[in-house]
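Here is the structure we will look at.
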Amino acid sequence: MRRRIVRRALAGFLLNTLTWSAPVWGADYGGPLIDAHSHLPNSTAIDAYVAAMKRHNVLKVVLLGVGGLQKDDTAWLTAASKKYPDRVVAGLPLPEPTSESAASQLAIQLERGKPRVIGEVHMRQVGRRLIDRDPNGPVFGKILDAAAKFVVPIVIHYELTDQAETALERALAAHRKSTIVLAHGGEGPPGRLDRLLLRNPNLFIDLSGMHFQRTPALASETGSLDPGWKALIEKMPDRFMIGADLWAARLFEPGMLDRLFLWTRRILGELRPDVAARVGHRNAVKLYRLE
């Protein structure tokens, strides 16, 4: 009898100790997801992706062009949206944002096709591609005006520095009716985005491609959400959207898709529940008019 009492006391002590010392994590986000920024590497990858969407309660995916790198983007995106009209939202690629005819051609396409989003437009990329285009140039200004006329957001790849931040802010101020979505968080850091977002209500951020396969990442595959990003997202929860930024064929393998969506749900679960729902789903629905 005495041994039984001792064993129970010891078990209770160990349980209390373990409960006290274990970190407290939020449950994984269990609501619907919208992938606000992905691409296709070929004409058949969409099938594997839609299968993963069904497994992980991803309601829709916004498919974008890859900044002019893939000549078949429009055909692949159009075919995917026709094959899976309830799942795929095809963006309107804009491969040549420096062309003098880009704005007039864009206006024709916007009038004809009624797309929900334009892009991804590569304006500044210093890694894989050496691109540094001025968002205040007259050609891009006309593009922004055309997008504003038809109330269609434009997603840009624009990696920030002090100088680039100043240039982007000038463009945002000069085109207040244009909605710009900064892809990949402009690669941060959060403090820089805090300044831009506070001063520019026509700026939104997609967090695409900031997963454990890339640098910088919001979190490693098993680590916690970066505290700076967490604080900023919760400070301005209406301005962020999640996205996988799939492009390379290897990312469309079922096992990798499962890992990416499980990671996404885990980091969203570290946000307040109302914020997780906005970032994971509601903001994309509102901005891209997906209902």
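Here, segment 130-204 has an Rg and a Dmax of 11.5, 32 Å when only alpha carbons are counted. Bridges between two residues of the chain, per DSSP, are antiparallel at a rate of about 10%. With just the Cα atoms defining each centre, how far is segment 243-266 from segment 168-182? Give it in Å. Centre-to-centre (Cα) distance: 31 Å.
Using the Cβ-Cβ distance between Leu198 and Arg259 with R0 set to 35 Å, the FRET efficiency works out to roughly 0.50. Zone of Thr78 (label point 7 Å along Cα→Cβ, backbone N under 17 Å): which residues in segment 34-50? Counting only backbone N, you get 40, 42-44.
Which value in deg cm²/dmol, rounded to the nearest 500, describes the helix-derived mean residue ellipticity at 222 nm for the chain, given -39,500 (n - 2.57) per DSSP H run of n ≥ 4 and division by the residue count? Intermediate results must be reported in sequence, preceding the final value.
Working: 11 runs with 123 residues, N = 291.
Mean residue ellipticity, 222 nm, calculated: -13000 deg cm²/dmol.
For segment 46-109, trypsin sites (Lys or Arg not before Pro) are listed when DSSP marks them as loop and at most 16 other Cβ atoms sit within 10 Å of their Cβ; the list is Lys71. Classify segment 206-291 from the C-alpha gyration tensor, please: rounded if a/c falls under 1.5, else prolate or oblate depending on whether a/b exceeds b/c. Taking the square roots of the gyration eigenvalues as a ≥ b ≥ c, segment 206-291 is oblate. Taking N as the residue count of segment 122-261, its C-alpha radius of gyration divided by 2.2 N^0.38 Å amounts to 1.08. Subtracting the Cα-Cα distance of Asp132 and Ala231 from their residue separation scaled by 0.36 nm leaves 32.6 nm. Spin-label model, Thr166/Lys114: points 7 Å from Cα along the beta carbon direction are separated by 4.4 nm.
Taking 32 Å as the cut-off for C-alpha to C-alpha distance, list the pairs among Lys54/Lys177; Lys54/Lys142; Lys71/Lys114 that go past it. Working shown, then result.
Numbers: Lys54/Lys177 36 Å; Lys54/Lys142 40 Å; Lys71/Lys114 21 Å.
Pairs exceeding the cut-off: Lys54/Lys177; Lys54/Lys142.
Annotation: the chain has a Kirkwood hydrodynamic radius of 20.0 angstrom, from the mean reciprocal C-alpha pair distance.
Check every DSSP H run in the chain and write down those whose alpha carbon atoms cover 27 angstrom or more along the long axis and whose mean Kyte-Doolittle hydropathy is 0.0 or greater.
Passing helices, by number: 2-21.
Where in segment 90-182 are there trypsin sites (Lys or Arg not before Pro) that are in a DSSP coil and have at most 10 other Cβ atoms within 10 angstrom of their Cβ?
Arg128
Derived scalar couplings between HN and Hα for segment 87-100 equal 10, 9, 10, 8, x, 9, x, 9, x, 10, x, 9, 6, 4 Hz in order, rounded to whole Hz, by the Karplus curve 6.51 cos²θ - 1.76 cosθ + 1.60 (θ = phi - 60°), x for Gly and Pro.
Report the GluC sites (Glu not before Pro) located in segment 81-182 that are in a DSSP loop and have at most 11 other Cβ atoms inside 10 Å of their Cβ, or state none. Loop-located and lightly packed - Glu100.
Coordinate-derived values only; no laboratory data. In this text, all values refer to a predicted model and were calculated from it rather than measured experimentally. Note: ideal-geometry Cβ built from the backbone for every residue, glycine included; neighbour counts use all protein chains shown.
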